[in-house]
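Heads up, the thing below is written out as structure tokens.
The values are calculated or read from the model by the stated rules, or taken from the named source; none is laboratory data. Keep in mind the model is a prediction, meaning the values are calculated, not measured. Virtual Cβ from ideal backbone geometry, glycine too; neighbours counted across all protein chains shown.
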Amino acid sequence: MFLALKEIKHEKLRYGLIIAMIVLVSYLIFVLTSLALGLSNQNTQAITSWNANSILLNKDSNTNLSQSLITQEQDADLKLTKNDAYLAQASVVTKSSGHEQIAANYLGLQKKQFVNQNLKLSSGHKAENDHQVVADEKFQHSGYKLGDKIKLNSLSGSYKIVGFTKGAKFNIAPVLYGTLVGWQSIRGLGSNFKASAVVSKDSHVKSSNSNLKNYSIKQFIDKLPGYSAQNSTFTFMIAFLMIISLIVIAVFLYILTIQKLPNYAVLRAQGIPAKVLVKNTIFQSFILVIGGIIIASILTILTALLIPTSVPMSFNLPLLSLVAFGLVLTSILGAIIPVRTILKVDPVQVIGG
Amino acid sequence: MSTIELKHINKVFGTGLSRVQVLHDVNFTAERGELVLVLGPSGSGKSTFLTIAGGLQTPTSGEVQLNQKSLEQLSQKDLENFRLNKIGFVLQAYNLVPYLTVKEQFTLVDRVRKAGNIDSNELTNLLKYLEINDTVDKYPAELSGGQNQRVAIARALYTDPEIILADEPTASLDTGRVQEVGKLLKELATQQNKAIVVVTHDLRLKDYASRIYQITDGKMVEDSKDN
């Protein structure tokens, strides 16, 4: 430890540059992971907020909420409990004078069921009639206020924003929570259709209708349009980035150790045990990578604070800890690879011929 | 009784056509209180001799004894301890850790060898004696060649070893400095009762030697000081 710290203190530029490289690599991995997670969460935020375990959809909907419809006839075959709630989805574009158009998901809810009951508002109140909506905070960030009236698609009539809620994104788009009747009029379906789906806190919704099928929430999320493909792309991108970055760090630390061998040869000649030199090398790599990760973490947090809200970043502490652990582990591996060389360093090489 | 003794040492490198015998039946002794010079030109095998005497290399055949105990019987760890406790090396280059100050060169030894080193008063006296007591907070790069050499000598003496092995300690020093180093080594041998072995091609050190060996093409003979 003594040698490691003294060397870092004396060779400030060299070690400063190595720490800077570790900082940049760690920062890149942390930011990309957080951005990918942020984007991924925008697909599922609303679903996660319902705390549901299963969903009942029309079996011909390809597990897609927007393609699913439950008729009044099919609804008669359902035995809903207090753990079940109707969900009625419609894709809409909101228009309001003085505001940008926003592509959104209208989700009709039944007032007394758990999804509506558990809705957490950051301001305002829940929808009390069919022309009121609770909007995701994205609308607030885009300049909408409580009481603002919006038009949906090209429909006549307007909807009043009566509340705002946080973290209500579904398939990237912000959600407008309204009523089942509101949904019927937006879709132009009349009263023949009850909803798009039924979500449940239980493992399934009791149904005797063969045209309706239960799915787990995980199955439902995996089938969200583009969700799996997007996640796979990001996962591979980050994995390749990590592997290459970790190899680069390991190689740098390896070169660093190799450069020290002449000094180590002198110390070995003087009887300094090899294990002291090995411990010193590993400890030094540990200090460098921990220092780099701490600085990179601070930079990532600053980035998250300063980045525009339109660019979502999400932190998953266990995942980022795992990434940091991978960095530490690989760096130590990079330092351990030349241990054999340290053990075999020939003190004779420092004595002239 | 010899402190260090090399008996019938042969050292061969390579095999077949690339086989080179560097040392031929070398016999050598050095006792405490002596400054023994091993004189020879470059390539004569004197550095190989020094590394074998210091336990850094093993001979192809023959035996190295320290206080009548053979080094051959020592494990790698025991050899490290032997070098740390019994031998002080003064090397011609890279002999100090570049990122440690003079004071820290000794602190490093304290961290590895917890007991048996000279105490702080003795170190202060040694540094004064070597005229480097005002360099303790300097790095090797900030010292002159002569100062570096004297720090290396102090570092070698810090563990209070029985034997000092010096490799060309006067290389690149002017005549004045050579005389100083020669006088110093002689005094260390006689006043601190060390066995000091110096391998060199610098004939200017002859005046300070107790005994002299000549080595040529790997063959060593004890020489008269007057030759």
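Some values worked out for this structure:
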quantity	calculated
Meets criteria (of a type outside the set (A, V, I, L, M) and either more than 30 Å from the chain's Cα centre (by Cα) or more than 24 Å from A:Gln101 (Cβ to Cβ) (or both)) for A:Ser142	no
Test result for A:Ile29, in a strand (DSSP E or B) and in contact (Cβ under 8 Å) with a residue 60 or more places away in the chain	no
Flag if A:Ser216 is loosely packed, with under 15 Cβ neighbours inside 10 Å, within 19 Å of A:Thr63 (Cβ to Cβ) and assigned by TED's automatic domain parsing to the domain that holds A:Leu39	no
Meets criteria (crowded, with 20+ Cβ neighbours inside 10 Å, touching a strand residue (DSSP E or B) at 6+ places or on another chain (Cβ under 9 Å) and either assigned to a helix (DSSP H, G or I) or among the small types (Gly, Ala, Ser) (or both)) for B:Ile164	no
Complete set of residues in segment B:49-80 that are at the interface with chain A (Cβ under 8 Å from one of its Cβ atoms) and under 16 Å from the mean Cα position of the chain (by Cα)	B:Leu50, B:Thr51, B:Gly54, B:Leu56, B:Gln57, B:Glu80
Selection status of A:Gln284, under 43 Å from the mean Cα position of the chain (by Cα) and either hydroxyl-bearing (Ser, Thr, Tyr) or closer than 27 Å to B:Asn95 by Cβ (or both)	yes
Near pairs, Cβ below 7 angstrom, 6+ apart or cross-chain, from segment B:163-174 (more than 9 Å from chain A (Cβ to nearest Cβ)) to any residue that is acidic (Asp, Glu)	B:Thr170/B:Asp202
Residue in segment A:176-188 that is farther than 23 Å from A:Lys112 by Cα, of a type outside the set (S, T, N, Q) and in the same structural domain as A:Thr71 (by TED's automatic domain parsing) present	yes
Any hit, segment A:247-257, residues being outside any strand (DSSP E or B), crowded, with 18+ Cβ neighbours inside 10 Å and within 14 Å of another protein chain (Cβ to nearest Cβ)	yes
Any hit, segment A:324-345, residues being away from chain B (no Cβ under 14 Å), assigned to a helix (DSSP H, G or I) and within 26 Å of A:Glu137 (Cα to Cα)	no
Single residue of B:Gly33, B:Gly55, B:Gly16 found to be free of Cβ contacts under 8 Å to residues at least 40 places away in the same chain and closer than 27 Å to B:Ala171 by Cα	B:Gly55
Where a residue in segment A:168-191 is at positive phi and its partner, wherever it lies, is buried (at least 23 other Cβ atoms within 10 Å of the Cβ) and part of a helix (DSSP H, G or I), with Cβ under 9 Å and at least six apart	A:Asn171/A:Ala46; A:Asn171/A:Leu65
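Every residue, every condition in (1) assigned to a strand (DSSP E or B); (2) closer than 25 Å to A:Thr233 by Cβ; (3) touching a helix residue (DSSP H, G or I) at 6+ places or on another chain (Cβ under 8 Å), yes or no:
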| residue | (1), (2), (3) |
| --- | --- |
| A:Ile47 | no, yes, yes |
| A:Ala85 | yes, no, yes |
| A:Ala88 | yes, no, yes |
| A:Val93 | yes, no, no |
